[in-house]
Amino acid sequence: ASTAATSVSISGDISSQLHGGYFHPLARSWQAERQLTKSMLIYPLFITDNDDDMILVPSLPGQHQLGIGRVISFLEPLVHKGLRSVILFGVPFKPGTKDALASAADDPEGPVIRAIRLIRRRFPQLYICADVCLCEYTSHGHCGILRDDGSLNNELSVDRISDVAVAYAKAGAHCVAPSDMNDGRIRAIKLKLIDEGISHKTTLMSYSAKFSGCLYGPFRDAAGSAPSFGDRKCYQLPPGGRGLARRAITRDMAEGADIIMVKPAGQYLDIISDAKELGKDLPVAAYQVSGEYAMIHAGAKAGVFGLKEMAFESAEAILRAGATIIVSYFTPEFLDWLDN
Ligand code: PBG
Ligand code: ZN
């Protein structure tokens, strides 16, 4: 042995030498179990009931509220770049559309059902998810039907939410995704889908582990769904509730969920990892929510990091934790970035 190569002696520990495995960009990519691809991404869209709307949401940089008349031209370039899936949220602006029973949620002339029909016809290859919740349509902004004391009436809520899910599926949504967090809604939706003879062509994606907290603010601006009183802490999970999240995931799998979702993503990577362990045999999705997206934009704007670098780092962490589907407002950017 030459004297030049003695930093590690022959008798030293060879396992200490790791750099050989990741000095090259390709070798670095091999260190991850999976790489971000376009087909992993679901892009959230906010659909209003004014056909010509195209309104920037100030707290959600670069994202719009879109009228039906704008959706196709908005999606065209994205589909061209490889967009595979969207998730739709309804934003009813018209006065009188909100009431105690969220009657407008499954209005056949409402924005979500019209958008499902239109997008399905115009982009038959695009996989359409419909978020299912009542908060955009209730006068009080909560995710279900309330009792007199202001708490959720679970039975009435589940009955209503499962009807809405079936209406979206019948309109042509490939996937219905209840985000309300009422107990037992997955089972109720699955049974109604079976009853209607459409369970074989409708994916049921459960927002199983959806945590309460400060990260949904920009979304509530975009969807107009902030509760008019109180908060969502009695139905969305407490941030420290890892065991509760595991129980919710296990329950939703038993009730017939086809995909399990964890939300938010970046602060809940341990929960994503739990979901992957509990749900070894089904896909795990993670929702990088509006507050996470806005924080990354704010950090980049303040010069803390580069937007693209941080967007990729956050996605890599989500994939590493175990998700293979990411719902993200960065989807249009990723479609560009993944080409280069
Ligand atoms: C409505 C719903 C919310 C989100 C998805 N569906 C908001 C909430 O629960 O208040 C949050 C998504 C985001 O913040 O990007 N049930
Ligand atoms: Zn809701």
Ratio of the chain's C-alpha Rg to 2.2 N^0.38 Å, to two decimals? 1.08
Equivalent ellipsoid, segment 137-239 (semi-axes from 5 times Cα gyration tensor eigenvalues, Å): 25, 15, 13
Row for segment 217-340, column shape: gyration tensor on C-alpha, a ≥ b ≥ c, rounded if a/c < 1.5 i.e. under 1.5, prolate if a/b over b/c, else oblate; value oblate
State log₁₀ I(q)/I(0) for segment 182-230 at q = 0.19, 0.22, 0.31 Å⁻¹ as given by the Debye formula over alpha-carbon point scatterers of equal weight, solvent excluded. -0.80, -0.87, -1.14
Once every DSSP H run of n ≥ 4 in the chain is given -39500 (n - 2.57) and the sum is divided by its residues, what mean residue ellipticity at 222 nm do you get, rounded to the nearest 500 deg cm²/dmol? -11000 deg cm²/dmol
Subtracting the Cα-Cα distance from 0.36 nm times the residue separation, let me have the gained length for Glu313 to Phe23 in nm, one decimal. 102.6 nm
Straight-distance crosslink candidates among lysines, where the alpha carbon sits under 22 Å from Lys210 and sequence neighbours closer than 8 are dropped: Lys190, Lys233, Lys263, Lys276, Lys280
Scattering curve values for segment 39-142, log₁₀ I(q)/I(0), Debye with Cα scatterers, q = 0.16, 0.17, 0.20, 0.24 Å⁻¹: -0.69, -0.77, -1.04, -1.39
Just subtract the alpha-carbon distance of Leu191 and Trp30 from 0.36 nm times their residue separation and send over the number in nm, one decimal. 53.7 nm
Is any residue of segment 35-64 close enough, with backbone N under 17 Å, to a label point placed 7 angstrom from the Cα of Arg122 along the Cα-Cβ axis, and if so, which? 43-55, 64
Whole angstrom only: what separates the Cα centroid of segment 183-238 from the Cα centroid of segment 311-332? 21 Å
Where does each of 69-76, 243-250, 287-294 land if you order them by average Cβ count within 10 Å, highest first? 287-294, 243-250, 69-76
Accessible area of segment 46-182 belonging to carbon and sulfur atoms, whole % at 1.4 Å probe: 52 percent
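The values are calculated or read from the model by the stated rules, or taken from the named source; none is laboratory data. Worth saying up front: this structure is predicted, and the values here are computed from it rather than measured. Quick reminder, even Gly has a Cβ in these numbers, built from the backbone with ideal geometry, and neighbours come from all protein chains shown. To get the accessible areas, we keep the full protein, side chains included, count just its heavy atoms, and leave off ligands, DNA and RNA. Shrake-Rupley method; radii C 1.70, N 1.55, O 1.52, S 1.80 Å.
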